[in-house]
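None of the figures in this text is laboratory data; all of them are computed from the coordinates on show. Please read these numbers as outputs of a predicted model, since none were measured by experiment. Cβ coordinates were reconstructed from backbone atoms using ideal geometry, including for glycine residues, and neighbour counts include every protein chain displayed.
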Amino acid sequence: MAYNLLKGKRGIISGALDENSIAWKVAEKAHEEGATFVLTNAPIAMRMGEIKQLAEKTNSQIIPADATSVPELTNLFSQSQEILGGKIDFVLHSIGMSVNIRKNIAYTESNYDYFMKGIDVSALSLHKMLSVAKKMDAINEYGSVVALTYMAAQRTYPFYTDMADIKAMLESIARSFGYHYGKDKKVRINTVSQSPTKTTAGTGIKGFGEFYKFADSVAPLGNASAESCADYCITLFSDLTRMVTMQNLFHDGGYSSTGASMEAILKFKDE
Ligand SMILES: NC(=O)c1ccc[n+]([C@@H]2O[C@H](COP(=O)([O-])OP(=O)(O)OC[C@H]3O[C@@H](n4cnc5c(N)ncnc54)[C@H](O)[C@@H]3O)[C@@H](O)[C@H]2O)c1
């Protein structure tokens, strides 16, 4: 059901790789809620082609941009304003990649070049986006920027390796930039800390399948789907959350507040 929550709003949505991507669901919902937006992804992801289907379905244009490149992000914000006909109201940062995870390298053995690459792609890219937007004054007052994160920023999950530290940095950038952008231009910046979700980035993590089931058995409401994450992002882009900024918001069916569930404990029942 749509509520026209984003009627008249202009946005930039990054990170839609295929129909499982959280960003894909956000784009579908934003379209349903009346927004117009531009889709963006790294040029390499574009070549895989699926994003074109999403662009057709949501009546949107695609602007390739590597989120680590300030010139490409500058082009993204200037072209988006031209295409959409004005300043931007919402931005989704849905970008994550760790070469250490991809190559199955243990945390204690992290390769530092890969670590730096992960920081640049998955955390600094948010700072770069915000800095470009602020310099260009590209986002409207009470505009909303949302970046996706995971709870490994607060608690240790051995398989999440360097992405844990990188997500902690991402969340810190949201708070720090949120202060400055809020003071100067009333722009809001939040992170949404999402349940494990079956996407390309998620399932690339070793042992994801088992962990997905574990988290599902701990969370009273079960794991939150990509689609419900998209619903939550839409509320954060809407005017109904105008005073919410600099927050890390858990969207995880209650997992982060649960110490143990009976379902999980009973798996250890003495025979
Ligand atoms: N899947 C999960 O379990 C889960 C849980 C919590 C948070 N998240 C976060 O959600 C976000 C989206 O991931 P997803 O799960 O939808 O997976 P996904 O693989 O569908 O999306 C990741 C996206 O990042 C893009 N990307 C990678 N390098 C880039 C670059 N240099 N420039 C621009 N874009 C680049 C990829 O092309 C891809 O579209 C990520 O930040 C991820 O860490 C995922």
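Here are the numbers for the structure shown:
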read-out	value
Distant-in-sequence amide H partners of Thr149 (H built 1.01 Å from N, under 5 Å)	Val192, Ser193, Gln194
The stretch 73-161, relative contact order [Cα under 8 Å, separation at least 6], %	45 percent
Kirkwood Rh and Cα Rg combined as Rg/Rh, the chain	0.97
Among 156-166, 199-209, the order from most to least packed when residues are scored by Cβ within 10 Å on average	156-166, 199-209
Average Cα contact separation per residue, the chain, under 8 Å, 6 or more apart, as relative contact order %	19 percent
Packing-based order for 62-72, 1-11, 224-234, 29-39, using average beta carbon neighbours within 10 Å, highest first	29-39, 224-234, 62-72, 1-11
Distance violations [Cα-Cα > 30 Å] among Lys103/Lys198; Lys25/Lys167; Lys57/Lys117; Lys52/Lys183; Lys183/Lys206; Lys134/Lys213	Lys57/Lys117; Lys52/Lys183; Lys183/Lys206; Lys134/Lys213
Straight-distance crosslink candidates among aspartates and glutamates, where the alpha carbon sits under 12 Å from Lys128 and sequence neighbours closer than 8 are dropped	Asp66, Glu72, Asp120
Cross-link partners of Lys267 among aspartates and glutamates (Cα-Cα below 15 Å; sequence separation of 8 or more within a chain)	Glu210, Asp216
Helix-only mean residue ellipticity at 222 nm for the chain, each DSSP H run of n ≥ 4 adding -39500 (n - 2.57), per residue, nearest 500	-12500 deg cm²/dmol
Residue among Arg155, Arg188, Arg175 with the largest mean-square fluctuation in a Gaussian network model of the chain, springs linking Cα atoms under 10 Å	Arg155
